[in-house]
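Peer 1: The structure's right below; bear with me while I get my questions together.
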Amino acid sequence: MTDALLQELGAILGPQHVLTGEAAAPYLTDWRKLVRGRARFVLRPGSTDEVAAVMRACAAHGVPVVPQGGNTGQVAGGVPGPDGGAVLLSLARMNRVHAIDTENDTITVEAGCVLQAVQQAAEEAGRLFPLSLGAEGSCTIGGNLGSNAGGTQVLRYGNARELCLGLEVVLPDGEVWHGLRGLRKDNSGYDLRDLFIGSEGTLGIITAATLKLFPLPAARCTALAALGSIQGAGRFLGRCRAGFNAALTGFELMSGACLRLVTETYPQQRTPFATLDAPWYVLLEISDAEDEAHGQARLETVLGGALEAGEISDVAVSQTLSQTRSLWHLRESITLALAEDGKCIKHDVSLPASTIPDFVEHTDTALQRQFQGVRSFIFGHLGDGNLHYNVARPKAADDAALHAMQPGLSELVHDAVHALGGSISAEQGIGRIRTADLARYKQPVELRLMRAIKQALDPKGLMNPGVLLP
Ligand code: FAD
């Protein structure tokens, strides 16, 4: 059967786009190197028609399909499991921009377009595509939508879901849903688009998307503020929301431990402060419709008020584009610095913003009581109530010791999140590594409805098995 399928796939894609052995290997390990999967073949289609033909062939042979974009996902949703029965379908070659409509403020792109290339195409047309995340140089629109990515601009523009107006999707049997509509209003039935967004490749293959564009801000101004305690962060956020209104486009919380890890790991990275001894920092950004000077003056007024009120203990406003870039670079380097530090246990949680200070203090204390010496590296999109609550091994311990702690430690963190009405996956998804958590925290009725949707769209269970649904 493998030979017959191989021949069919070779005829559809050309043998050079059906990879095996060493050529396939780079696709089979996830970004965090948690899962080393196996696949019959890695397929690299170049068009929607080719994806549809591949899906028809795989459905006929009963072979599961794992879609992959840039493979930057943090929950191993884009790599196959260990049994080797599936094919991996990489969308990387489907990277064309189909159309930009500046009157409708939309851009239509293929799913394999790298996010940064979409941002650039929008900018060249005098528009903003605001989705922005640390992996934007490698992640793809298909993966962003498949995982409903969040990132640093959600506060103002929403998640990937809110930025998408239409989709083209190849269904598990190879039929194509042509839903590339650029409509901001469409109440003509169930929202099929929203089913596929965030479905982590378990319902169909997204092959193209129509996305919303926005006016380019005249200036982006950033500041790094130091906070004496996390208890003041909520008041500071409230002040910034009131003071900047819709101009507030980023509000990123970072613990002092995160920033110190970045500067220790990458000594060439500079911070505006002589020392990094505050327990918490906030990187905030406003997008100003007038100009740089106007934006900076607004920042200085609001931040001056926060200093006077004691909500922040120090602040540096960036004066140049290069200072702005290096502030964002610090923030975006946290994930990379953590990867250099060794394995860490990651939690991507969301909570009502008002509960975050108490959640952090109580969870940190409980962790030290049960897992003495572990180091927390907490950062996140505070404006969205989203924390990346990462826990690294005690300095003297090794990765194996941390691995042994993982089940109990994650249960402690997630139980605390659940008790406060939060979610155990804010933006990264469930993937292969959080399916047991989903089973623990989702209501039975939610799981039943999710399974009913899966059964309706993928009755043979061929789309990304082992991912998302327990
Ligand atoms: P992949 O990793 O290839 O796949 C992700 C999921 O989508 C998988 O389940 C896969 O099967 C599915 N999928 C991929 N393509 C398709 C398709 N065409 N059709 C259907 N399903 C598909 N995430 C955030 O949300 N916010 C952040 O701030 C953020 N920061 C990050 C920073 C760094 C340094 C890194 C490495 C990652 C970060 N991530 C973040 C996680 C990751 O970048 C995002 O989840 C991203 O959206 C994944 O895109 P990708 O193309 O790499 O998808």
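Peer 1: What is the stretch 81-162's relative contact order, in percent, from Cα pairs under 8 angstrom and six or more apart in sequence? Don't skip to the answer; put the middle values down first.
Peer 2: On the way: 114 pairs, mean separation 18.7, N = 82.
Once normalised by length, the contact order is 23 percent.
Peer 1: On to the next question. Return the long-range amide H neighbours of LEU180 (sequence gap of 5 or more, or a different chain), with a cut-off of under 5 Å between placed amide H atoms.
Peer 2: LEU167
Peer 1: Starting with the highest mean, order 6-15, 76-85 by the number of other Cβ atoms within 10 Å, averaged over the residues of each peptide. Working shown, then result.
Peer 2: Values: 6-15: 16.1, 76-85: 20.8.
Going by the mean number of other Cβ atoms within 10 Å, highest first, we get 76-85, 6-15.
Peer 1: Taking the chain, how many lysine pairs are there with alpha carbons less than 23 Å apart, if each pair must be eight or more places apart or span two chains? Numbers along the way, then the final one.
Peer 2: Working: LYS33/LYS343; LYS33/LYS346; LYS33/LYS395; LYS185/LYS212; LYS343/LYS395; LYS346/LYS395; LYS346/LYS442; LYS442/LYS454.
For the chain, qualifying lysine pairs total 8.
Peer 1: Could I ask something else about it? Highest first, please rank the peptides 200-207, 88-95, 303-310 by the mean number of other Cβ atoms sitting within 10 Å of their residues.
Peer 2: Working: 200-207: 27.0, 88-95: 22.2, 303-310: 14.1.
Ranked by mean Cβ neighbours within 10 Å, highest first: 200-207, 88-95, 303-310.
Peer 1: Now, a different point. Take each complete run of DSSP H in the chain, measure how far its Cα atoms stretch along the helix's own axis, and keep only those covering 15 Å or more with mean Kyte-Doolittle hydropathy at least 0.5; list them. Numbers along the way, then the final one.
Peer 2: Details: long enough: 2-13 (16 Å, 0.97); 48-61 (20 Å, 0.46); 233-244 (16 Å, 0.07); 292-308 (24 Å, -0.15); 321-341 (29 Å, -0.18); 356-370 (21 Å, -0.74); 399-419 (29 Å, 0.20); 444-457 (20 Å, 0.29).
Span-like helices here: 2-13.
Peer 1: While we're here: Taking Cα pairs under 8 Å and at least six residues apart, what relative contact order does the chain come out at, in percent? Mind showing how you got there, number by number?
Peer 2: On the way: 971 pairs, mean separation 71.0, N = 470.
Over the chain, the number comes to 15 percent.
Peer 1: Sorted by mean Cβ packing within 10 Å, highest first, what order do the peptides 62-74, 445-457, 357-369, 284-296 take?
Peer 2: On the way: 62-74: 23.7, 445-457: 12.7, 357-369: 15.7, 284-296: 19.2.
Ranked from most to least packed, the peptides come out as 62-74, 284-296, 357-369, 445-457.
Peer 1: Using r as the Cβ-Cβ distance of ALA397 and ARG451, and R0 as 45 Å, what FRET efficiency do you calculate, to the nearest 0.05?
Peer 2: Values: r = 39 Å, r/R0 = 0.88.
Efficiency, from the Cβ-Cβ distance: 0.70.
Peer 1: Mean projection of the alpha-carbon convex hull of the chain over all orientations, in nm²?
Peer 2: 22.5
Any read-out appearing in this document is the output of simple, stated calculations on the displayed coordinates, not a laboratory observation. Remember, predicted model here, so these are calculated numbers, not experimental data. Glycine also receives a Cβ, built like all others from the backbone with ideal geometry; neighbour counts cover every protein chain displayed.
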